[in-house]
Amino acid sequence: MPAPSPAPSKAAASSAQKALLKLGLTRDIDLALHLPLRYEDETRITPLRNARDGSVVQIEATVVSSEVQLRPRRQLVVQVEDDTGSCELRFFSFYPSHQKTLAVGARLRIRGEIKGGFWGRQMMHPAFRTAGGELPAALTPVYPTVAGLPQPYLRRAIASALQRADLSDTLPPNAAPPVHQTFGAGGLQPLYSLQQALRFLHNPTPDVALATLEDHTHPAWQRLKAEELLAQQLSQYQSKRERARLRAPVLTMPAAVPGVLPLDAQFLAQLPFGLTRAQQRVCAEIAADMARPVPMHRLLQGDVGSGKTVVAALSAVTCIAAGWQCALMAPTEILAEQHFGKLVGWLEQILAPLGKKVAWLSGAQKKKQRSEMLALIASGEAALVVGTHAVIQEQVQFHHLALAVIDEQHRFGVAQRLALRQKLAHAGLEPHLLMMSATPIPRTLAMSYYADLDVSTIDELPPGRTPIVTKLIADSRRDEVIERIAAQVAAGRQVYWVCPLIEESEALDLSNATATHVDLSEALPGVMVGLLHSRMPTAEKKAVMELFTAGVMGVLVSTTVIEVGVDVPNASLMVIEHSERFGLSQLHQLRGRVGRGAAASACVLLYAVGDNGKLGETARDRLRAMAETNDGFEIARRDLEIRGPGEFLGARQSGAAMLRFADLAADIALLEWARECAPQMLDRFPQLAERHVARWLGGKAEYLKA
Ligand code: ADP
Ligand code: MG
């Protein structure tokens with residue numbers, strides 16, 4: 001019930017129209033699917049005597065006095081009474097029209113939170129209107145809205161859209177979702193059709209258990225969640241089928257020439273190690289995909305340090321041996337640079353006899369070098385192109401690209417992945433796509449978002465690694481940690497020190513890292529202590545990384561820029577300051593920077609205690625989880641529970657944001673149902689499937705495909 005306001009002007013109505021567009025509420029069905037955040041109960045009148053302190057109530061009462069007070073600030077103070085008690089209303093902002101409605105003698109219906117102060121009951125800024133008219137039979141919905149779109153306007157728009165919208169069923173016959181029925185006031189609640197579910201959720205009867213609406217477990221909510229998940233699965237399977245109709249170059253090793261070692265064998269022969277069984281298995285999975293004339297769409301996941309780069313390199317070798325080009329894109333300059341160095345080391349020798357090279361592309365490189373590289377790429381002389389986002393820029397013309405590898409794929413947005421695919425299409429052929437991620441995707445997430453993606457998993461670390469020991473240490477014991485650093489450096493090892501993440505403030509991150517750098521330099525005389533942060537010029541970053549990689553620099557202090565992929569096997573100690581501020585998966589990734597060589601490695605999670613001298617309970621549980629397990633999948637699972645799916649999918653525009661109602665962790669049964677139902681529905685009821693997707697996803701389906 002709104003406070004009365006002047007009748008809406010034409011301008012207000014058109015600004016409300018604009019606001020509806022802004023919320024994406026264009027079709028009737030969009031409005032029908034715009035569900036309440038919460039409800040207000042206006043179905044009852046509470047006698048003042050029964051109105052308890054702190055509760056939100058609707059009363060009906062008569063104004064006995066109304067006056068404007070000027071102290072301590074200007075306010076309208078109104079006394080009202082019903083047969084059982086009295087209450088004072090206070091308004092700090094009010095118009096003459098309000099005063100008129102609140103005139104002495106007026107009978108009002110008033111709704112607000114009761115405060116039972118020393119001076120009697122009070123309501124601050126309650127909603128009110130002249131009493132009279134029937135009480136509504138259903139709860140009043142309160143919708144998510146934006147400025148310029150008042151609740152009453154939105155309510156009316158939604159109510160009329162609900163009447164007009166086509167809400168006929170689009171679920172396939174005999175495929176009821178596994179909705180759990182709940183008990184309500186009238187016994188077991190009925191199951192709902194889409195239309196019934198929407199009508200109910202917009203205007204529920206007052207006997208409903210509000211908690212089941214709030215936590216979305218009510219059968220009407222479950223019905224909507226099932227529908228939404230089905231739409232999402234359908235669009236995934238649709239794009240999988242569309243992809244199956246596309247063509248890609250067949251990439252296989254050419255027939256062996258007698259006396260010449262095949263390129264892949266040459267590559268493996270010069271590696272300083274043999275592949276693990278898991279690496280061999282995923283290489284075979286990828287090779288099988290690339291040997292088909294259909295574009296590969298595969299995610300290679302493996303814990304940090306599991307050795308994904310060499311798998312990508314072997315796939316590139318196959319691609320090159322088949323006579324095509326390969327591109328590898330990494331999210332940061334440092335990581336791309338490191339890949340470039342490693343791949344040149346592995347491939348230069350074996351590519352030279354073929355007259356082929358490895359090209360480097362980065363946003364930071366000099367014009368001259370860049371145009372040289374672009375020429376190499378366009379002529380096809382560069383068989384492998386390594387770089388940052390620069391790889392997908394417009395000026396880059398590939399000669400005949402057949403394989404694109406995206407490292408740390410969750411770091412790239414959906415739009416960038418789409419751009420990559422579109423850009424690389426060549427003469428009617430699509431490139432094969434291999435995405436790599438060190439943030440293992442929990443099963444439920446893989447099932448939903450990546451129904452359109454094949455997944456290969458490296459589930460074994462290279463041999464000879466000693467597990468990383470993780471210790472929780474209070475920040476007050478910093479000195480001991482510094483002693484430990486000195487001992488590691490004395491033993492010829494290297495140390496990372498990661499500075500806290502200060503949300504929303506890069507500047508603070510930086511000042512903290514700078515201060516720590518000074519402290520450690522003073523505390524560790526004779527040791528070279530370096531500093532790395534994201535604001536540094538590229539050349540400087542590169543110089544610092546080179547000193548650390550070469551083993552000259554003993555300690556590297558950094559902000560979280562080293563998070564992804566950096567590989568310095570001699571580093572054996574990782575210190576993370578204010579570890580309580582990081583997400584679990586992020587801590588796991590950081591920790592993965594050590595334990596890459598044979599030396600025993602450790603990770604110290606420094607934490608700061610609160611004012612009470614203690615670490616908060618959840619923070620402690622989370623950090624303990626880090627100490628208890630080195631298994632990235634287990635950590636990912638716990639992180640999903642704590643942080644939700646956005647973290648794994650990276651970009652804000654990720655598919656996760658597209659799920660408005662369903663919760664991947666809580667609605668597994670519905671997800672499994674949708675996953676099973678979708679392919680059958682596409683086969684047997686394609687038109688229904690199309691209608692269902694259009695209804696739920698409208699124009700957004702394209703985004704879910706990247
Ligand atoms: P990630 O999967 O995190 O990208 P990397 O590809 O950077 O891991 O590999 C981590 C380290 O392990 C690198 O130094 C790499 O050369 C090494 N490595 C990879 N595979 C093996 C293996 N089979 N045996 C020994 N070392 C390996
Ligand atoms: Mg990597």
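Quick one: angle between helix 367-379 and the longest Cα principal axis of the chain, in degrees between 0 and 90, rounded to 10, please.
That helix lies at roughly 80 degrees to the long axis.
At a Förster distance of 35 Å, what's the computed FRET efficiency of residue 473 paired with residue 280, Cβ-Cβ distance as r, to 0.05?
In this case the efficiency is close to 0.30.
Pull up all non-local amide H partners of residue 473: gap of 5 or more, or a different chain, and H-to-H distance under 5 Å with H placed in the peptide plane.
Sorted by chain and number, the residues that satisfy this are 605, 606, 607.
For the cross-link pairs 342/542; 22/100; 367/541, which exceed 26 Å when the distance is taken from alpha carbon to alpha carbon?
22/100
Starting from the Cα-Cα distance between residue 214 and residue 634, subtract it from 0.36 nm times their residue separation and give me the gain in nm to one decimal.
148.3 nm
So who's got an amide H within less than 5 Å of the one on residue 299, skipping anything under 5 residues away but keeping other chains? H placed 1.01 Å off N, in plane.
Long-range HN contacts for residue 299: 435, 454, 455, 456.
For residue 43 paired with residue 147, estimate the spin-label separation in nm (one decimal), with each label point 7 Å from Cα along the Cα-to-Cβ line.
3.6 nm
From the phi of every residue in the stretch 35-48, what ³J(HN,Hα) in whole Hz does the Karplus formula 6.51 cos²θ - 1.76 cosθ + 1.60 yield, where θ is phi - 60° and glycine or proline is x?
3J(HN,Hα) across the stretch 35-48, in whole Hz: 9, x, 6, 7, 10, 10, 8, 10, 7, 10, 10, 9, x, 4.
Please give the length that would be gained between residue 53 and residue 205 if that part of the chain were fully extended, namely 0.36 nm times their separation in residues minus their C-alpha to C-alpha distance (nm, one decimal).
Length gained between residue 53 and residue 205: 52.2 nm.
Using θ = phi - 60° and the Karplus form 6.51 cos²θ - 1.76 cosθ + 1.60, what ³J(HN,Hα) does each residue of the stretch 336-352 get, whole Hz, x for Gly and Pro?
Per-residue couplings from phi come out as 4, 4, 5, 4, 4, x, 5, 5, 4, x, 7, 10, 3, 4, 7, 7, 3 Hz.
Rounded to the nearest 10 degrees, what's the angle between the helix 219-245 long axis and the longest principal axis of the chain, both from Cα atoms, 0 to 90?
30 degrees
Expressed as an acute angle from 0 to 90° and rounded to the nearest 10, what is the orientation of the C-alpha long axis of helix 151-164 relative to the principal long axis of the chain?
80 degrees
Pop a pseudo-label 7 angstrom from the Cα along the beta-carbon direction at both residue 270 and residue 99 and give the gap in nm to one decimal.
Distance between the two pseudo-spin positions: 9.0 nm.
Between the stretch 380-394 and the stretch 135-159, what's the alpha-carbon centroid distance in Å?
52 Å
Using a Förster radius of 30 Å, what is the FRET efficiency between residue 242 and residue 399 based on their Cβ-Cβ separation? Nearest 0.05, please.
Computed FRET efficiency for residue 242 and residue 399: 0.65.
Which whole-Hz ³J(HN,Hα) couplings does the stretch 10-20 yield from phi under the Karplus relation 6.51 cos²θ - 1.76 cosθ + 1.60, θ = phi - 60°, glycine and proline marked x?
So the Karplus estimates, Gly and Pro as x, are 4, 4, 5, 5, 6, 6, 5, 4, 4, 5, 4 Hz.
What residues have an amide H closer than 5 Å to that of residue 121, excluding those fewer than 5 places away on the same chain, when H is modeled at 1.01 Å from N in the peptide plane?
Those lying under 5 Å, H to H, from residue 121 are 88.
Once you put a point 7 Å from the Cα of residue 70 and another 7 Å from the Cα of residue 129, both along the Cβ direction, what distance in nm separates them?
About 3.5 nm separates the two model spin labels.
Each reported figure results from applying straightforward, stated rules to the coordinates on display, with no laboratory input. This one's a predicted model, so the numbers in the text were calculated from it and none came from an experiment. All Cβ positions, even for glycine, are placed from backbone atoms using ideal geometry, and neighbour counts span all protein chains on display.
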